[in-house]
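Structure first, then comments.
The values are calculated or read from the model by the stated rules, or taken from the named source; none is laboratory data. What you are looking at is a predicted structure, and each value in this text was computed from that prediction instead of being measured. Note that each Cβ is placed from the backbone with ideal geometry, even for glycine, and that neighbours are counted across all protein chains shown. The protein model used for the area step is the full one, side chains on, heavy atoms only, and it has no ligands, DNA or RNA in it. Shrake-Rupley method; radii C 1.70, N 1.55, O 1.52, S 1.80 Å.
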Amino acid sequence: GVGAGVGVALLVAVIVVAAAVGGNAQLNITYRAWIPASPENYYFPEEGLADVMARPNAGIAFTGGGVRSYLATLGYLAGFQELGLLDKVRYASGVSGGSWAMMTYGFSTLADGNDTRLLGPVLKPGDITMAKLKQIDPECIRAMPVNENFEAILLENLINPFVKGEDVWFNGVNDVFGKPAGVPSDRVPVPDQSTMDEILASNPLLHEDNFVIPRPDRPFLLFGGAYLGPYTLAPFKATKRTYTALEMTSYYTGFPHVHNVTYTGDSTKTINQLVGGYVQTFAFGANAPSHGMKEKNGTLSSIQENLARLSPVHFGTLCSFAPGGVFTELPDILSFHMDPLYNTWSPANPTPSNEMGVFADGGVVENVQLISLLQRKVKNIILFFNNNQALNSQFDPNTRPVETTDMSDDLPTFFGINPDPNSELWDLSRNQVFPEEEFAPVAQGLIKAQLAGNGTFYTTQLTTIANEWYGVEAGFTAQITFVYLSRTLEWEKLLPTDVREEITPSKDPNNPTNLVSKGTFKNFPNISTYTQLHPAAELANLISDMCGWIITHNAAFFKKALGVA
């Protein structure tokens with residue numbers, strides 16, 4: 001009778017929820033959405049999160065750069081952790097390899113309650129021995145790329161006929177950085193318990209097991225991806241790229257600036273699409289609702305089929321898919337169907353419609369999330385350039401234009417200078433937010449610090465110029481600190497002789513641009529993004545140790561850079 005009916009209903013509900021968790025069901029969801037208004041009056045959803053806004057108005061942002069950036073980022077974070085400065089940071093952001101670091105730092109279940117153990121120690125250079133360099137605590141997330149070979153796992157998945165193309169990159173990220181660190185690959189991030197409770201109250205078919213809250217005492221984490229355009233147009237015309245930056249967070253995902261964009265396919269066919277606005281992250285990729293938003297925030301309802309593709313590991317997958325810039329200029333058969341695809345529509349559109357979108361590594365458009373921090377009017381910003389290209393200590397910006405062999409090209413593009421405008425890998429042409437004449441003092445300041453040998457960093461006050469593409473208004477002044485991954489000669493002098501000799505190049509060793517060319521520490525610290533994905537423990541530890549020392553050795557500088565009195 002009644003008991004049997006309730007039992008059947010309960011069984012059906014369990015089956016529906018189980019299917020939804022697996023991403024195989026059409027799940028009706030209700031969720032918050034936001035339209036961030038105009039550049040002069042942006043509203044960001046975290047402004048409603050008291051714990052976030054109680055933190056000082058400072059942000060740290062880390063570039064892409066594969067395993068090199070992952071290890072350098074962990075080292076810098078360990079330095080801040082040792083100084084007790086991470087609670088002075090409102091925003092921490094990562095792109096590509098930097099997003100892997102945000103993913104593990106934010107969501108790892110290792111070293112429960114012990115962030116010093118999670119990030120690894122910052123050894124004094126005199127205490128660094130070869131024996132210590134060979135050891136990594138199994139609870140330390142530095143170990144991830146040491147223990148697993150990202151390149152080999154990708155190849156294994158690529159040639160496996162039973163692995164779908166869209167899962168190849170995900171499996172690589174998950175097997176190296178996700179599973180070993182205990183990062184959930186099947187739960188959607190939410191910022192806190194109260195947000196989860198609100199979602200569950202509006203969505204009775206969902207359960208706490210569908211969601212994950214970041215580790216406690218974290219800044220608000222930003223993950224940087226790129227939206228390349230509608231899938232129906234791919235491959236895109238390389239000379240008419242109109243890519244834009246995507247933001248992913250535990251609370252929401254989307255684009256802060258609402259504007260119309262024309263996308264051009266290789267056949268010259270075009271699609272005009274309204275881009276902009278945020279939805280709660282568990283709603284990203286859902287079918288378009290029946291109507292858009294009339295106010296700057298409210299609720300919408302949709303059918304979601306992608307719940308299982310919105311985990312922290314999926315954040316790290318989308319935001320690090322470096323081949324995307326090239327693959328979307330190729331036919332599907334040549335790109336192995338690997339592109340991350342999500343339904344893309346704007347809550348600002350009165351009549352939104354489904355449009356499958358192609359996404360990629362944030363470095364395809366902006367290799368460090370400076371623009372996101374400027375849009376949020378963050379007053380103290382530290383940018384960490386963990387790049388492949390060593391800084392050329394002989395470069396003089398007053399005598400000739402910057403070239404790709406002088407420094408990473410993503411830094412000068414913020415000043416409207418693009419050393420590599422025809423790159424097939426990325427399009428950084430829309431990133432200018434500062435006057436061109438401000439570039440030379442920054443470059444000179446970095447080179448001067450590099451030659452001094454205590455860390456390559458420079459801080460200055462910069463005022464924005466208008467950027468219509470990203471909706472950055474002119475006239476906002478912030479303290480910007482640039483940190484460039486480079487050999488650190490004074491730190492090297494303090495190392496034990498045997499360690500120092502291993503990382504000292506044979507040619508002109510006192511020129512910090514020159515790197516050791518062979519051995520375990522080849523290219524230290526600017527190891528290759530593409531060919532050094534599986535470093536030895538000694539190399540991984542040394543990169544993180546050096547970066548951590550740069551922070552702790554220059555504690556007064558970095559406190560000031562964060563606006564800490």
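Restricting region 490-534 to residues that are among the aromatic types (Phe, Trp, Tyr) and under 26 Å from LEU425 (Cβ atoms) leaves a set whose member that is modelled with the highest pLDDT is PHE524.
Residues that are in a loop (DSSP other than H, G, I, E, B) and more than 19 Å from the chain's Cα centre (by Cα) do occur in region 378-387. Is region 106-121 home to any residue that is in a helix (DSSP H, G or I), hydroxyl-bearing (Ser, Thr, Tyr) and open to solvent by 10 Å² or more (accessible area, probe 1.4 Å)? Among the residues of region 106-121, at least one is in a helix (DSSP H, G or I), hydroxyl-bearing (Ser, Thr, Tyr) and open to solvent by 10 Å² or more (accessible area, probe 1.4 Å), which makes the answer yes.
Inspect all residues belonging to region 476-487 and state whether any of them is assigned to a loop (DSSP other than H, G, I, E, B) and either at pLDDT below 95 or open to solvent by 10 Å² or more (accessible area, probe 1.4 Å) (or both).
First, the residues of region 476-487 that are assigned to a loop (DSSP other than H, G, I, E, B): 476, 485-487.
Imposing the further condition that a residue be either at pLDDT below 95 or open to solvent by 10 Å² or more (accessible area, probe 1.4 Å) (or both) reduces the set to 476.
Yes; the residues of region 476-487 include at least one that is assigned to a loop (DSSP other than H, G, I, E, B) and either at pLDDT below 95 or open to solvent by 10 Å² or more (accessible area, probe 1.4 Å) (or both).
Listed by first and then second residue, the pairs linking a residue in region 184-213 that is part of a helix (DSSP H, G or I) to a residue that is of a type in the set (Asp, Glu), with Cβ atoms under 8 Å apart and 6 or more places separating them unless they lie on different chains, are MET196/GLU208; LEU200/GLU208.
Does any residue of region 201-210 turn out to be open to solvent by less than 30 Å² (accessible area, probe 1.4 Å), modelled with pLDDT of 95 or more and in contact with a Gly (Cβ under 6 Å, 6 or more places away or on another chain)? No - not one qualifying residue is present in region 201-210.
Within region 155-168, take every residue that is open to solvent by 30 Å² or more (accessible area, probe 1.4 Å) and either touching a Leu at 6+ places or on another chain (Cβ under 9 Å) or touching a residue at least 12 places away in the same chain (Cβ under 8 Å) (or both) and give me the one that is nearest to THR104 (Cα to Cα).
Here the answer is GLU166.
Step by step: first the residues of region 95-128, then only those that are of a type in the set (A, V, I, L, M, F, W, C) and farther than 15 Å from THR73 by Cα, then the one that is nearest to the chain's Cα centre (by Cα). Which residue is that? Among those that are of a type in the set (A, V, I, L, M, F, W, C) and farther than 15 Å from THR73 by Cα, it is PHE107.
Which residue, of GLU403, GLU436, GLU424, GLU366, is among the acidic types (Asp, Glu), open to solvent by 30 Å² or more (accessible area, probe 1.4 Å) and in contact (Cβ under 8 Å) with a residue 40 or more places away in the chain? Before the answer, list the steps.
On the way: GLU403 fails: in contact (Cβ under 8 Å) with a residue 40 or more places away in the chain; GLU436 fails: in contact (Cβ under 8 Å) with a residue 40 or more places away in the chain; GLU366 fails: open to solvent by 30 Å² or more (accessible area, probe 1.4 Å).
Within the list GLU403, GLU436, GLU424, GLU366, the selection yields GLU424.
Between PRO397, PRO347, the distinction of being open to solvent by less than 30 Å² (accessible area, probe 1.4 Å), touching a residue at least 24 places away in the same chain (Cβ under 8 Å), assigned to a loop (DSSP other than H, G, I, E, B) and under 26 Å from GLY475 (Cβ atoms) belongs to PRO397 only. With respect to the conditions (1) out of contact with any strand residue (DSSP E or B) (no Cβ under 6 Å at 6 or more places or on another chain); (2) surrounded by 16 or more Cβ atoms within 10 Å (Cβ to Cβ); (3) more than 28 Å from ALA238 (Cα to Cα); (4) without any contact (Cβ under 8 Å) to a residue 40 or more places away in the chain, GLU490 lacks only one, and its number is (2). Of all the residues in region 233-284, those that are part of a strand (DSSP E or B), over 11 Å from SER346 (Cα atoms) and hydrophobic (A, V, I, L, M, F, W, C) number 6.
Suppose we filter region 519-558 for residues that are among the charged types (D, E, K, R) and either in contact with a Pro (Cβ under 9 Å, 6 or more places away or on another chain) or over 20 Å from LEU119 (Cα atoms) (or both); how many remain?
Within region 519-558, the subset among the charged types (D, E, K, R) is 522, 538, 545.
With the extra rule that they be either in contact with a Pro (Cβ under 9 Å, 6 or more places away or on another chain) or over 20 Å from LEU119 (Cα atoms) (or both), the set shrinks to 522, 545.
The total comes to 2.
In summary, ASP137 fulfils each of the numbered conditions (1) within 24 Å of the chain's Cα centre (by Cα); (2) within 19 Å of THR104 (Cβ to Cβ) with the single exception of condition (1). Restricting region 285-321 to residues that are open to solvent by 40 Å² or more (accessible area, probe 1.4 Å) and either hydrophobic (A, V, I, L, M, F, W, C) or assigned to a helix (DSSP H, G or I) (or both), which is modelled with the lowest pLDDT? By that ranking, first place goes to ARG309. Is it true that LEU274 is out of contact with any Lys or Arg (no Cβ under 9 Å at 6 or more places or on another chain), closer than 22 Å to ASN367 by Cβ and touching a residue at least 12 places away in the same chain (Cβ under 8 Å)? Considered against the rule, which asks whether it is out of contact with any Lys or Arg (no Cβ under 9 Å at 6 or more places or on another chain), closer than 22 Å to ASN367 by Cβ and touching a residue at least 12 places away in the same chain (Cβ under 8 Å), LEU274 comes out as no.
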